[in-house]
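Asks: I'd like to ask you about the structure that follows.
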Amino acid sequence: MGGELGRFSATTRDLPGLTTGVAANGVSIVSRRESRLVRIGSVPVGGGSPISVQSMTKTRTDDVAATVAQIKQLEAVGCEIVRCAVPDEDAASALREIKKQISLPLVADVHFQHKLALMALENGADALRINPGNIGGRDRVEEVARAALERGAPIRVGVNSGSLEKKLRERAEQTETDKRAGAVAKAMVESARRHIGILEDLGFNDIIISLKSSDVRTTVQSYRLMAEVCDYPFHIGVTEAGSVLSGAVKSAVGLGILLNDGLGDTVRVSLTGPPEDEVRVAYMILRALGLRERGPEVISCPTCGRCQIDLVSLVEEVERGVAGVDDAVKIAVMGCVVNGPGEAREADVGIAGGKGSGVLFRSGEIVRKVEEGELAQTLIREVRRMTE
Ligand code: SF4
C-alpha cells in the first residue's frame, strides 16, 4: 500500500498554526487552522478550502427513489456533500443506483461491518464514515483502507461521546462532575487517535476527523485538543442537538465557537427535522461569521409600539417568496420609517412599514411609497430583479 507511512505522531509533527483563510465569497474575518487537503469526490475539504456544508438523508437508503428525491432537495438548498446510512447489504447495494442519479459526493456511513464498507466503495461511495477500531482485526481494516485508497475515498473517523469505548467511558465517568466534560473530551481524542493510528499504520492518511457530543462544551474542548496534535481536516457538528429551534441554537453556539477559533473544514448541523433545515441553519451560522454566503438574508425588526402593519405575516410571505433565490442578497423588512431605512442601511433592498402603507428602499435610500397589501410582492419582485 502506498502513501505516507508512519504512526500518528509522525504526522503530527507541528502544532497547527492559525492563518487567515479565504472564504467562498472571498471574504473572511476568521483565522483558520491550517489543515491538510482531503477530497470527497469533487469537493475539497481542508487545506484552506471553503467550509463545505453537508447533511445526511433521513430516508431508508434502500428506498432509492425517496433517497434520491431527498438528496436533490438537499442540493437545491446548497448541500455540498451528502451522507447515507448503510445499515445492511440492501442499503449498500442501493448506493450504485443512487450514485447514478445524483451529482453530490456521497459518503457511506457504516458501523462495525467491514463488508458493508467494501460494498459501499464498490458501489461508488466517495468517502466512508467508519471507525477502524470497530470493524475487527488488522486484515479487515487493511482491506477497507486498500479499497478506499484505490478509489481515492477518504475515511472519516467519527467519535461520538455516546459511543465511546467502555474502558474510556468508565474512566471519564469516574472523574469528578465538575471536570467531567474535560475528561470526556480527552477520552474522545484518545479514542480518535486510536482509530487514526490504525489507519496510519497502514499508510492511510486521507482522513477527516469528527468528535461530537450532545454537550456543547465537550464538543468544543475535544476539537481544541485534537487541533493541538494533528492537521487532519475537521468535520464539525454537535450531535443529537435537538429539534429545529433548540438544535439550531445549540449548533450555532457550538459551531460558532469552533469556527471563530478557526476550527472546522466541513459542517453538519444535526436537527430532528427536515434535512434541508440542517443545510439552511449551517449557512446561517457560516454567514454570521462572514465565512460563506448563500441565498437571501432577511433582516427584520422585532416590532414595537410604532409598528402599524402586520410585520410577522409580511416577513413570512417575503421569506417564502425568495426561498428559491441562490444569490446572497440582504433584505430588510422593518416595521416603521422612523428607524427602518437607517437600521437597515446595510441591506440591498427593504421595506419600512407605515400606516396602511410602507416605503421601498434600496441601500438605505427611500425609493417610493407602496400600499400595505402590495408590500411583500413588491419586495419579492425587487429581489428577483436584482438577482436575475
Ligand atoms: Fe419599532 Fe420601527 Fe424599530 Fe421596528 S423599525 S422595532 S417598528 S422602531
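Asks: Does segment 366-373 contain at least one residue that is assigned to a loop (DSSP other than H, G, I, E, B) and more than 14 Å from the ligand (Cβ to nearest atom)?
Replies: no
Asks: Would you be able to say whether some residue in segment 209-219 is over 25 Å from residue 376 (Cα atoms) and under 12 Å from the mean Cα position of the chain (by Cα)?
Replies: Yes, the conditions are met somewhere in segment 209-219.
Asks: For residues in segment 93-151 being among the polar types (S, T, N, Q) and part of a helix (DSSP H, G or I), which is nearest to residue 41 (Cα to Cα)?
Replies: Only one residue fits best here, namely 101.
Asks: Also, quick follow-up: Which residue, of 161, 222, is touching a helix residue (DSSP H, G or I) at 6+ places or on another chain (Cβ under 8 Å) and closer than 19 Å to residue 134 by Cα?
Replies: 161
Asks: Being more than 16 Å from the ligand (Cβ to nearest atom) and open to solvent by 20 Å² or more (accessible area, probe 1.4 Å) is the filter here; which residues of segment 282-309 pass it?
Replies: If we filter segment 282-309 for residues that are more than 16 Å from the ligand (Cβ to nearest atom), which is where we start, we get 282-297.
Across segment 282-309, the qualifying residues are 284, 287, 288, 289, 290, 292, 293, 294, 296, 297.
Asks: Out of everything in segment 163-189 that is within 23 Å of the chain's Cα centre (by Cα) and closer than 22 Å to residue 114 by Cβ, what residue ends up being most open to solvent (accessible area, probe 1.4 Å)?
Replies: Top of the filtered list is 163.
Asks: Would you check which residues across segment 310-338 are outside any helix (DSSP H, G or I), open to solvent by 60 Å² or more (accessible area, probe 1.4 Å) and either closer than 14 Å to residue 377 by Cα or within 15 Å of the ligand (Cβ to nearest atom) (or both) and list them?
Replies: 310, 323, 337, 338
Asks: Cβ-Cβ below 7 Å, separation at least six or inter-chain, first residue in segment 77-100 and farther than 12 Å from residue 123 by Cα, second surrounded by fewer than 24 Cβ atoms within 10 Å (Cβ to Cβ) and aromatic (Phe, Trp, Tyr): which pairs?
Replies: 78/283
Asks: Moving to a separate point now. Out of all the residues in segment 154-183, which are of a type in the set (Ser, Thr, Tyr) and in a helix (DSSP H, G or I)?
Replies: 161, 163, 177
The values are calculated or read from the model by the stated rules, or taken from the named source; none is laboratory data. Being a predicted model, the structure only gives us computed values, none of them experimental. Virtual Cβ from ideal backbone geometry, glycine too; neighbours counted across all protein chains shown. Please note that ligands, DNA and RNA were not included when accessible areas were found on the heavy atoms of the full protein model with its side chains. Shrake-Rupley method; radii C 1.70, N 1.55, O 1.52, S 1.80 Å.
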